[in-house]
Amino acid sequence: MRLSAILFGLVLICAAIAVAVPPPQDEDDVRGAFLTSRPKEKAAASSSGSTARPSRRRPKNTPATTAKSSDKPTEKSPEKTTAKTSGTTAKIPESRPVNAPRLGLGMTLFGRDSNGLAVRVEPDRVFKKGDRVRILLETNADGYLYIFNSTNDGAPVMIYPDAEIDEGGNYLQAHVPFEIPAPDAAEERLRWFAFDENSGTERVFFVFTREPLKDVPIEDDLVAFCRNGKCPWPVATEVWAHVQSQLQEPLKKDVAKGYGTAQTSVEQNASTRGLGLAKDDPQPSLIMMASSTKPTLVATLDLIHK
């Protein structure tokens, strides 16, 4: 009887411990964590009524130079001189915010239907010649977005930032959606990614960072580089090695259904006018959250066409 009592007591203790221990990270509420930083209510639109594309250039108080990409958290902000990119040198803080939240990236893939409207499509569908797609992105923090494309595992090409888009800027604000290609481009052919007759796999790399990537020109530096037809900017070996190394970092994912539904006016206005999304606004189809607080998140999207 005494042994039975002891065993019963151990069972109760173990049960209490099991309740107290938090769930493993694999069971995190990825979607909930991502949407937590969305404001409860939508921010008021500008009284000017401007419909111009939002600026993607860095805020004026941010040093205009490329930063060193570091994965080591620091509490201090030592200044370091960066390499020259356009004949000038500037000092920038190397640190990132202490106790910064995990970076998150929301993504919705839109295809063009027979009426020319944007509708949600499955990322893993097989595309054919003539199909067109556009990608709506949303981040949970302020930072810098880089997009690279590789066809059939070939050499990477930087498709964003682009000297002809957003003045070469790539700065995103938290929960202010960004759409590529731009739905309000002057010509229809510039509003979509179009699949040609060459079959294969288009792997798109989305690199979201708290600070600019080292040695990658943006804004005025990129515009200057691209003069006289020099673009696209050749992706340096060191830069691509860094991107590849970040792919080893695990991402937590959450996928929502609802494919075939049309893009809402809320999403359209938010991306073209630089308006932040509120908690009750449409959510991304796919959300990817970093498993650590490192300053770089790298996600991929494979688009297969035959």
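Throughout, read-outs are computed from the coordinates displayed, never taken from laboratory work. Not measured: the values here are computed from a predicted model. All Cβ positions, glycine included, derive from the backbone under ideal geometry; neighbour counts span all protein chains shown.
Pairs 60/279; 214/294; 60/214; 253/279; 252/279; 252/294: which are spaced more than 22 Å apart, C-alpha to C-alpha? Going by Cα-Cα distance, 60/279 fall outside the 22 Å limit.
One Cα centroid belongs to the range 199-219, the other to the range 100-156; the line between them spans 13 Å. Computed extension gain for residue 126 through residue 269, at 0.36 nm per residue and net of the alpha carbon distance, reaches 48.6 nm.
With each label modelled as a point 7 angstrom along the Cα→C-beta vector, the residue 224-residue 29 pair spans 4.9 nm. Taking all pairs of different Cα atoms in the range 101-306, averaging 1/r and flipping that mean, what Kirkwood radius in angstroms comes out? About 17.6 Å for the range 101-306.
Listing 227, 134, 273 from fewest to most neighbouring C-beta atoms within 10 Å gives 227, 273, 134.
Computed FRET efficiency, Cβ-Cβ of residue 182 and residue 244, R0 41 Å: what is it to the nearest 0.05? After rounding to 0.05, the efficiency reads 0.90. Spin-label model, residue 262 to residue 199: label points 7 Å out along the Cα-to-beta-carbon direction sit 3.4 nm apart.
Subtracting the Cα-Cα distance of residue 164 and residue 114 from their residue separation scaled by 0.36 nm leaves 15.1 nm.
The magnitude of the dipole of the range 101-306, with charges of +1 and -1 set on the Cβ of Lys/Arg and Asp/Glu and taken from the Cα centre, is near 560 debye.
Using R0 = 30 Å, the C-beta based FRET efficiency linking residue 300 and residue 278 works out to 0.55. Distance between the pseudo-spin-label points of residue 292 and residue 189 (7 Å out from Cα toward the beta carbon): 4.6 nm.
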